[in-house]
């Protein structure tokens with residue numbers, strides 16, 4: 001099941017009493033949350049897959065607030081908390097050259113231009129102007145790599161490999 005579905009958001013809480021949920025977005029595509037769009041909810045254990053149709057969307061305090069068809073009260077959406085919202089593979093859109101889906105980057109090995117292997121990307125953060133890749137390193141704290149042209153020199157998703165030129169102090 002997991003391989004054909006891709007995360008677009010995590011439901012972190014309910015909002016109000018009319019069935020809205022508070023979502024932390026894990027996508028750059030606003031259209032994922034448009035009215036009428038099909039999403040899939042998966043519980044925190046990765047077991048239940050439930051189709052949901054977006055009935056409405058708005059932004060509130062940096063969160064996406066969504067409500068779904070046939071989920072009209074807080075009692076209907078309470079069980080959705082802590083679950084992931086996903087799309088199926090057919091919902092993926094073609095990207096321009098040099099653009100990548102998060103699932104293509106996560107898991108890639110990261111090495112420097114001099115060949116030193118640093119670790120692999122375990123997570124992508126979107127705090128502001130550019131994404132930040134969290135690189136898990138063996139027996140060291142995670143490394144935060146800004147996704148900017150000065151640092152990321154090569155991405156090869158087929159070989160699962162990323163080459164970076166670390167800025168001064170980045171590896172300290």
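The values are calculated or read from the model by the stated rules, or taken from the named source; none is laboratory data. Fair warning: this is a prediction, and the values are worked out from it, not measured in the lab. Every residue, glycine as well, gets a Cβ built from its backbone with ideal geometry; the counts of neighbours run over all protein chains shown.
Remarks
- In the set 45, 30, only one residue is under 17 Å from the mean Cα position of the chain (by Cα) and free of Cβ contacts under 8 Å to residues at least 40 places away in the same chain; that residue is 30.
Conditions tested, residue by residue: (1) in contact with a helix residue (DSSP H, G or I) (Cβ under 6 Å, 6 or more places away or on another chain); (2) surrounded by fewer than 16 Cβ atoms within 10 Å (Cβ to Cβ); (3) not assigned by TED's automatic domain parsing to the domain that holds residue 121.
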position	(1), (2), (3)
26	no, no, yes
30	no, yes, yes
47	no, yes, yes
71	yes, no, yes
74	no, yes, yes
97	no, yes, yes
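- Members of region 23-37 found to be touching a strand residue (DSSP E or B) at 6+ places or on another chain (Cβ under 6 Å) and either at positive phi or in a strand (DSSP E or B) (or both), listed by number: 23, 24, 25
- Selection within region 67-89 - under 16 Å from residue 48 (Cα atoms), in a helix (DSSP H, G or I) and in contact with a strand residue (DSSP E or B) (Cβ under 8 Å, 6 or more places away or on another chain): 77, 78, 80
- Some residue of region 53-66 being assigned to a loop (DSSP other than H, G, I, E, B), in the same structural domain as residue 29 (by TED's automatic domain parsing) and either exposed (fewer than 13 other Cβ atoms within 10 Å of the Cβ) or out of contact with any helix residue (DSSP H, G or I) (no Cβ under 9 Å at 6 or more places or on another chain) (or both): yes
- Strands (runs of 3 or more DSSP E) (entirely within region 99-158) containing at least 3 residues that are surrounded by 14 or more Cβ atoms within 10 Å (Cβ to Cβ), at pLDDT 90 or above and not assigned by TED's automatic domain parsing to the domain that holds residue 28: 109-112, 117-125, 132-136, 143-146
- Any hit, region 74-81, residues being closer than 25 Å to residue 125 by Cα and touching a residue at least 60 places away in the same chain (Cβ under 8 Å): yes
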